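Asks: Quick one: structure below, then a few questions.
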Amino acid sequence: MQNKSLVLGLLLLGVFGCASGDDYFNGTRSRANVWVAPARPGAAGKVAVMPFKGQTELIGTSVSDLFVTEVLRSGKYELVERGQMAKVLSEAELALAGLSASRAAEVGNLVGAEGVIIGTVDEYANVAQRGHPYPVVGITARMIDCKSGKVLWSVDLAKRATGRDVTLPEHARAIVHEMMCGLYQHWR
């Protein structure tokens, strides 16, 4: 009897607990504005995600951390650890956030990355509508090839939450997920 329960539990875990990347990314309809270079968008195998530029350093770093999680879930790239980047940048006396595309590519080369993801958090606020606050988040991200300096892909999305019970961080997570879904679906 105990073995049957164990087998049933493992079977349910396999069916419900482990969604594939295809299920995770194709299950969301994306309205993100996506551009992918005609060449192989996955050409960069090892990538670094720089802290995004935002209204505050905390907002930029938090949103780029959300991007890290989604990039890892895609299984498309190997990521350079941020601690490794920070060490190299402190030695070069550079700041992580707000680097230009060319400087970000240089930093990517310094840490052994083939590509670097940079971004901007254009909007991150609550706006009032009919007396209630609604989160609004707008993000732009792109991947730069460290060798050529060319953009491999670019994605942006800005929208207001449909419910007023959604927090800004929850809405930011949903926006980043929708952006990665758009990219993932274009890669297919």
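The values are calculated or read from the model by the stated rules, or taken from the named source; none is laboratory data. These numbers were taken from a predicted model, which means no experiment stands behind them. FYI the Cβ positions are ideal-geometry reconstructions off the backbone, even for glycines, and counts take in every protein chain you see.
Asks: Just to be sure I understand, how many residues within the range 75-92 are over 17 Å from E57 (Cβ atoms) and either modelled with pLDDT of 85 or more or of a type in the set (D, E, K, R) (or both)?
Replies: Within the range 75-92, residues that are over 17 Å from E57 (Cβ atoms) and either modelled with pLDDT of 85 or more or of a type in the set (D, E, K, R) (or both) number 9.
Asks: Might you let me know whether the range 4-20 holds any residue that is within 20 Å of the chain's Cα centre (by Cα) and either at pLDDT below 60 or in a helix (DSSP H, G or I) (or both)?
Replies: The answer is yes; a qualifying residue exists.
Asks: If the requirement is being loosely packed, with under 14 Cβ neighbours inside 10 Å and either assigned to a strand (DSSP E or B) or modelled with pLDDT of 95 or more (or both), which of these qualifies: A158, A95, A172, A128?
Replies: Testing whether each residue is loosely packed, with under 14 Cβ neighbours inside 10 Å and either assigned to a strand (DSSP E or B) or modelled with pLDDT of 95 or more (or both) leaves just A128.
Asks: Additional query: Go through the range 97-141 and report how many residues are in contact with a Lys or Arg (Cβ under 6 Å, 6 or more places away or on another chain), under 15 Å from K159 (Cβ atoms) and β-branched (V, I, T).
Replies: Residues that pass the stated criteria total 1.
Asks: Take the residues in the range 108-125 that are in contact with a helix residue (DSSP H, G or I) (Cβ under 7 Å, 6 or more places away or on another chain) and over 9 Å from A48 (Cβ atoms); name whichever of them is surrounded by the fewest Cβ atoms within 10 Å (Cβ to Cβ).
Replies: So, considering only residues that are in contact with a helix residue (DSSP H, G or I) (Cβ under 7 Å, 6 or more places away or on another chain) and over 9 Å from A48 (Cβ atoms), the one surrounded by the fewest Cβ atoms within 10 Å (Cβ to Cβ) is L110.
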